[in-house]
1. Quick one: count up the residues across segment 259-293 that are closer than 16 Å to residue 237 by Cα and not small (Gly, Ala, Ser).
2. For segment 481-510, which residues satisfy the criterion of being in a helix (DSSP H, G or I), out of contact with any helix residue (DSSP H, G or I) (no Cβ under 9 Å at 6 or more places or on another chain) and more than 23 Å from residue 627 (Cα to Cα)?
3. Which residues, counting only those in segment 484-494, are crowded, with 24+ Cβ neighbours inside 10 Å and among the hydrophobic types (A, V, I, L, M, F, W, C)?
4. So which of 518, 481 ends up being among the hydrophobic types (A, V, I, L, M, F, W, C) and loosely packed, with under 15 Cβ neighbours inside 10 Å?
5. Can you find even one residue in segment 90-101 that is surrounded by 22 or more Cβ atoms within 10 Å (Cβ to Cβ) and within 30 Å of residue 550 (Cβ to Cβ)?
6. For segment 574-584, does any single residue satisfy the condition of being buried (at least 22 other Cβ atoms within 10 Å of the Cβ), touching an Asp or Glu at 6+ places or on another chain (Cβ under 8 Å) and under 21 Å from residue 658 (Cβ atoms)?
7. Wholly within segment 291-393, which helices (runs of 4 or more DSSP H) include no fewer than the required count, namely at least 2 residues that are hydrophobic (A, V, I, L, M, F, W, C) and modelled with pLDDT under 85?
8. With the condition being in contact with a Gly (Cβ under 7 Å, 6 or more places away or on another chain) and in contact (Cβ under 8 Å) with a residue 24 or more places away in the chain, I'd like the helices (runs of 4 or more DSSP H) fully within segment 157-254 carrying at least 2 qualifying residues.
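The values are calculated or read from the model by the stated rules, or taken from the named source; none is laboratory data. Just so it is clear, the model here is predicted, and its values are computed rather than measured. Positions of Cβ are generated from backbone atoms using ideal geometry, with glycine treated the same way; all protein chains shown enter the neighbour counts.
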Amino acid sequence: MKTSSLKLICLSLIVFTVGVTADERPKRAGAAIPPEIHARIIQLEDERNLNGGELTGLLKHASSAVRERAALAIGRIGDKRGADALIELFNQDRDINVRAMAAFALGEMEDAKATSPLSSAISSALAPPHKRDEPPLVRARVCEALGKILSAGRRLSTPDLGIVRDADEIAKQLPAPRARLSADEKLLTTLAISALMRLQASVSVGPLAGQLKSTDADVRAQAANALARLRQSIEGAVPALIEALNDGDADVRANAARALGASKDARAVEPLVGLLGDKSDRVQVNAVRALAALNDRRAVEPLVALGEKLLERHDDNFGKRRVTDATATALLEIITALGAIKDERALPFLRRVRWIGEAEVEAAMARFGEKEFFAVWGDDLPPGFEKDWRRVAAFTQGLAETGAPRAQAVILKLLDPSYRNRVPALALPGVLRAAAKLKVENLSRILREQLLHPDLIVRSTAASLLADLPDDENLAALIDALARAKNDPANDAKLGALTAVSKHKKSEAVEAVKSALADRDHLVRRHAVDLLGQMGAGDFSDRIGVVQTGHGKAFYQLIAARLDKKVTATIHTTKGRIRIELFTQDAPITVDSFVTLARKGFFNGVTFHRVVPNFVIQGGDPRGDGEGGPGYQIRCEVNTRPYVRGAVGMALSGKDTGGSQFFITHSPQPHLDGGYAVFGQVISGMEVVDRISRGDVIRMVEIFEGRRLH
C-alpha cells in the first residue's frame, strides 16, 4: 500500500471503540503450540517454503493449535501445491477453529479448485437452522474465502454465471434485518457483506440494501460501505441510502453519503448538501467527496461556504505555508471537489488558496484551463522550487492536467540540461509522468536518458513509462537498464525494467526476462515467472524457489520466544503521542522488523507523508515520497484481525513488499482485510491520529516489551 500505487484511495467508515481489541476469535484452551514447532512454522512461512511435505504434514498433527497455525502458514505462502492438503483439512477436520482457518487460508491462496468444497459448505447451511451442520464461524470464513477466490477471476468456465450463483448463496447467509446477532453471527454477517462487495454482482444490491435496516449500527455502516464499492448500478438502494443520511450513527451517515456519490443519482444532491453542516468531520468529508462525484453545480456555493468557514479557523499566514493540520487537510478535499465540478463561481475562492502550493489546488486550477492556471506564474516556475520538491511535484501535476502547449514548454524546461541539477530527484518522477501525459517532443529519448539516473525510483519511473512506447531502441535501452540494476539496494528499478521489457514480444525480450530467474531477489524471480507466462514463453514456476531470508534457526527461536509477551510502541509525533499494542502472535516477523527499526532510531525525523481524511495516515518512509523503505522487504503476515478504527497495518506495493512504511486507519476498512497485515492497534492517542496531517514528524518510537502473559 505504498503511495505510488493504492493503493489506498477508497474509504470505509465503521467505528469501533478504541482501546478494545476488535478480534472476536475464540480463544483456545489447553496447551499452546510447542515453541520449537512454532519457530519452525514461522521460518518456513518466512522462507515461503512448503519444504516438500513438512508443512502440509503438520496439518495432521495431534494438536489442533498446530494444525490451525500450519494452515495459516500455507495460505500465507500461497503455493498452490498446498491447496489439496488444505481442502482435505477443511473437509475432514472436526475442530471448528481449524476448519475456519483452513477456509481462510484457501481464500488467501485464491485457488479455483477450492470453490466447489467451499460452496458446498454454505449450500448445506441453507436448511432450517436446526439442521445446519456448519457453525457460523466456519460459514463466515467460507463466505470470506469465496469472495476472494471468485473476485480473483480464476473460474475455469462461465465465470459470470458462477459468481452470480455464489453471490446469491452468500447473500442467503445474511440475517433478517431486525435479528439480534451473537458474536459469531455478526462475524458471519460482516464477512458475507464483504464477500458480496468483492464479487461485484448486481444480485447483491437488494440484500445489501436490506441490511441498512439492521438493528446493529456496524452492520448498517458496512452495508452502506459495500454498496459504495459495488461498481454496479445501485439505483434501487438510493431511497434507503438517502434515509440512512439521517441515521443516528455518524459512520452510517458517512458511508451512505459515499454510496450516494457512487450512485450518480441527482436525487442525492440536496440531502448531501445538508450533511456539509454535520457535526462529524468524517461525515462532512464523505459528503464533500460524494458531491464531487455527483458533479452537480447546485453544490458549488455550499462547498465554497464550507471552505470559507474552514479558512476562518486559520491565521493570516494561511496560504503562505504548507498544510499543517487536519482542518486544512479537509480543506483540500473541498478544493478537489470544486475542481471536479468546474464552475466559475468557485474561482475567487480557489485563487485565494492558490498559494498553498499543494497538488490538489494546482490540479483544481488546471481544470479551469490554461489561462487560469498560468495567471499567477506565467511561464515561470514557482519561486524557490529548487528547495521544495513537493512544490515542484504539485506544480507539474497541475501542468499535466492542463494539457496545454505552454505546459509542454515548462516541462521541457525542467528537463533541459541547464535545469537538470536544479530539479530535486524526488520531484523528477512526477516531472516524467507529466511529460508522458503531455506527450512532449522527444519523449522516448528523454526517458532513455533517465534510465541512467542515479536515483532508482527515477529509473523505475522512466522504465514504466517506456513500456507504453515499444520500439527497438527503447527495448535495447531497457535491457541494458535491467542489467545495470542487478546490484541495486532495492528492486524497484529491476521490477520496472522487467515489466517494460515484457511488453515486447521479441526473442531478446523473452531472454532478458528469463535472465531474472537467476536473481537473488525472490520477488524479482516471482515477477519474471508471471511475466513469462503472460508472454507465452512457458511455465517457469519451479524457478521461483524459496526466500533467502538471511536468518537461521536461532533467529526464529527468538521470534517464537516473544510470541506471548506484551509489546507496545509509543510514537512521539509533533502532534502528541500515539500508543500501540503490537500483535506478536498474529504478525511476529512484521512486529520484529518494526521493533528493530524503532530501536535503531530509523523512524526518528521521518514524516507522515500521506494523510487521507477518514481513511489512513501513513508514515515510515525515509524518502518522504512514498517510495522509500529500510533496504529490505518482509513477507506478508495476513491474518484474521479486521481493519477497525485505529488498526495498524503494513503498507505494500504488492505481495511480500512490506518494509518500514505503516499506516493507521481513521475508520474501519474491510476491503483491506486479508490483503494487508494488521500488526497493531492504537490503544491510546487516537485523537492524535485524527489530528495528524501531511508532513507531521515522527520524533521517535519507543518500544516497551513486557513479561510473558502466562
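1. Count: 7.
2. Within segment 481-510, 507 is the sole residue that qualifies.
3. Hits for segment 484-494 are 485, 493.
4. Matching residue, one of 518, 481: 518.
5. So far as segment 90-101 goes, yes, one or more of its residues are surrounded by 22 or more Cβ atoms within 10 Å (Cβ to Cβ) and within 30 Å of residue 550 (Cβ to Cβ).
6. Checking segment 574-584: at least one residue is buried (at least 22 other Cβ atoms within 10 Å of the Cβ), touching an Asp or Glu at 6+ places or on another chain (Cβ under 8 Å) and under 21 Å from residue 658 (Cβ atoms).
7. 326-341
8. The qualifying helices (runs of 4 or more DSSP H) are 183-199, 205-210.
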